[in-house]
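Participant: Submitted below is the structure of interest, expressed as structure tokens.
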Amino acid sequence: MNAKKQFPVAELNSEELSQLQQFEEDFRSRTGEEIVLIAYGQQEKN
């Protein structure tokens, strides 16, 4: 199984990336944990 084909990284524009980073900061503040969010795109079809 090729993880890159099954779970391709999402292509985000700068606004979407900023929102994702803000979500990370919000979760870190709430939990006190180092939270990293990862955005995946739609699965590629073979």
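The values are calculated or read from the model by the stated rules, or taken from the named source; none is laboratory data. On a predicted model such as this, the values are computed, not experimentally measured, just so you know. Cβ: placed from backbone, ideal geometry, glycine included. Neighbour counts: every protein chain shown.
Participant: Looking at (1) among the charged types (D, E, K, R); (2) modelled with pLDDT of 95 or more; (3) part of a helix (DSSP H, G or I), can you tell me which one residue 5 breaks?
Facilitator: (2)
Participant: Report, ordered by the first and then the second residue, all pairs with beta carbons closer than 6 Å, sequence separation of six or more or different chains, a first member in region 10-27 that is in contact (Cβ under 8 Å) with a residue 24 or more places away in the chain, and a second member that is loosely packed, with under 13 Cβ neighbours inside 10 Å and of a type in the set (Ser, Thr, Tyr).
Facilitator: 10/40
Participant: Please indicate, with yes or no, whether at least one residue in region 13-33 is at pLDDT below 95 and surrounded by 11 or more Cβ atoms within 10 Å (Cβ to Cβ). Lay out the reasoning, then the answer.
Facilitator: From region 13-33, those at pLDDT below 95 are none; that's our starting set.
No; the residues of region 13-33 include none that is at pLDDT below 95 and surrounded by 11 or more Cβ atoms within 10 Å (Cβ to Cβ).
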